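This report refers to the structure that appears directly beneath it.
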Amino acid sequence: MSTATERLRLPLPRPNVLDLAPLYEVLRREAPIAPVTTPAGDPAWLVTRYEEVRLLLGDKRFGRSHPNPEQASRISTAAVQDGPTGTYETEEADHARMRRLLTPAFSAKRMRMLSDHMGRLVEGYLDSLESSADDVVDLHAGLAYPLPVAMICLLLGVPESDHELFARLSERMANLTIGEEAHQAREEFFRYMVGLVETKRSDLGEDVISDLVRAQSEDPSFDYEQMVRLCVGLLFAGHETTVNRIGLGTLFLLTERSRWENLVADPDGRVDAVVEEIMRLGAPGDLGLLRYAHEDVEISGVTIQRGDAVVISVNSANRDASVYSDAESFNPDRPERTHLGFGHGAHFCIGASLARTELRVVFAALARRVPGLRLAKELDQLEVRATLTGGVAELPVTWRQS
């Protein structure tokens with residue numbers, strides 16, 4: 001059996017935080033749907049080629065729920081996004097309701113209204129970093145992490161006094177190394193959210209959680225636990241990937257000086273293209289999106305049986321040389337402007353406008369404020385986050401002359 005078709009174990013080892021395992025290229029060419037074993041020790045199919053990834057992302061025959069949840073393969077030992085979610089019989093209807101309720105809050109128009117507030121936050125974070133007496137500062141702790149946390153908490157209606165608690169719980173929930181402690185953090189997060197929902201019931205505001213509380217009181221089929229779990233999921237998903245993309249985007253820009261200098265030369269004119277290239281290459285995590293087949297499906301000569309787990313590698317698809325010229329290179333000027341960084345089809349990321357706006361504000365501000373920005377450590381010296389979504393745990397930078 002060739003390397004490309006034997007049952008590989010995820011995650012595939014990568015040389016550094018920016019590059020994928022070379023084996024992904026082999027899989028895209030020889031076995032775009034390949035049998036693998038997940039980090040939890042369960043069987044799954046790994047999908048790596050753009051054509052199949054895009055097809056599966058938009059195929060209603062695959063979902064997050066499982067016809068027999070107790071028999072479902074799990075992707076990891078993390079406490080979030082580790083196995084099936086939702087109810088098999090009602091997943092499609094539940095998802096349609098969620099989109100209907102949340103789309104107004106995450107619309108592009110709403111994000112444009114919030115961009116000035118984001119800008120003020122970013123300027124404040126940069127003021128704090130610039131006032132530091134240290135020559136080297138951590139851009140992860142000082143900007144990349146707190147900004148997405150602050151924005152998703154603002155949108156959902158989490159009190160500012162709870163932001164630090166939320167951040168700690170979120171980090172523990174996604175950790176792949178602490179076992180039962182991660183699951184305890186999830187339960188603590190759930191209890192916190194129950195308390196916040198009850199507070200909103202007596203004091204409704206103009207925020208997403210208040211909107212969900214109103215909807216739940218009007219729709220008996222939208223049960224209380226489902227609403228609370230949706231709130232937990234939004235708080236987690238609404239910041240984690242953006243945190244990592246700020247970090248990875250900074251690394252892509254600073255590891256080759258001409259990339260950064262091009263952005264500095266025209267921040268407002270170039271930032272949109274830079275953000276889209278970060279979205280293409282900077283998909284966080286070493287695994288992929290977990291889906292389950294809701295019926296037998298044959299794709300590219302492979303039969304995926306009902307109930308089988310499928311790990312969809314957007315990271316790999318976005319580096320498919322049959323779609324992108326010089327696919328592994330960071331090139332904001334590339335002619336191909338499509339990517340799957342926000343998914344595709346009915347499950348296209350509802351927070352895409354929020355993420356894009358945050359990234360635009362961050363990188364334009366960095367280019368204007370600190371044109372001399374540079375890394376203070378080599379790429380292979382950076383600590384990587386031991387979480388489901390990956391990324392870097394530190395981002396030491398400097399802009400002062402040595």
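The values are calculated or read from the model by the stated rules, or taken from the named source; none is laboratory data. The model shown is predicted, which means the values in this text are computed figures rather than measured ones. FYI the Cβ positions are ideal-geometry reconstructions off the backbone, even for glycines, and counts take in every protein chain you see. Heads up: the accessible areas ignore ligands, DNA and RNA and are worked out on the full protein's heavy atoms, side chains in. Shrake-Rupley method; radii C 1.70, N 1.55, O 1.52, S 1.80 Å.
Observations on the model:
- With respect to being more than 30 Å from Leu253 (Cβ to Cβ) and without any contact (Cβ under 8 Å) to a residue 40 or more places away in the chain, Val158 falls outside the description.
- Residue count for segment 187-220, restricted to those that are over 28 Å from Ala78 (Cβ atoms), among the polar types (S, T, N, Q) and open to solvent by 20 Å² or more (accessible area, probe 1.4 Å): 3
- The number of residues in segment 293-316 being among the aliphatic types (A, V, I, L, M) and surrounded by fewer than 17 Cβ atoms within 10 Å (Cβ to Cβ) comes to 1.
- Residues satisfying the stated conditions in segment 358-372, i.e. touching a helix residue (DSSP H, G or I) at 6+ places or on another chain (Cβ under 6 Å) and either at pLDDT below 95 or part of a loop (DSSP other than H, G, I, E, B) (or both): Pro371
- Glu180 at pLDDT below 85, surrounded by fewer than 22 Cβ atoms within 10 Å (Cβ to Cβ) and not hydroxyl-bearing (Ser, Thr, Tyr): yes
- Unmet requirement for Glu25, which otherwise passes all of (1) under 23 Å from the mean Cα position of the chain (by Cα); (2) closer than 21 Å to Thr389 by Cα; (3) of a type outside the set (A, V, I, L, M): (2)
- Residues (among the acidic types (Asp, Glu) and more than 22 Å from Leu235 (Cβ to Cβ)) located in segment 61-118: Glu70, Glu89, Glu92, Asp116
- When Pro39 is tested against the conditions (1) farther than 30 Å from Gln381 by Cβ; (2) touching a residue at least 24 places away in the same chain (Cβ under 8 Å), the lone failure is (1).
- Among the residues of segment 357-380, the ones that are without any contact (Cβ under 8 Å) to a residue 40 or more places away in the chain and under 15 Å from Glu130 (Cβ atoms) come to 1 in all.
- Qualifying residues in segment 134-159 (those that are open to solvent by 20 Å² or more (accessible area, probe 1.4 Å) and farther than 18 Å from Gly119 by Cα) - the one nearest to the chain's Cα centre (by Cα): Asp138
- Residues considered: Arg319, Arg334. Of these, the only one that is within 24 Å of Pro35 (Cα to Cα), touching a residue at least 24 places away in the same chain (Cβ under 8 Å), of a type in the set (Lys, Arg) and open to solvent by less than 70 Å² (accessible area, probe 1.4 Å) is Arg319.
- Hits in segment 276-292 - residues which are buried (at least 24 other Cβ atoms within 10 Å of the Cβ) and over 15 Å from Asn315 (Cβ atoms): Arg291, Tyr292
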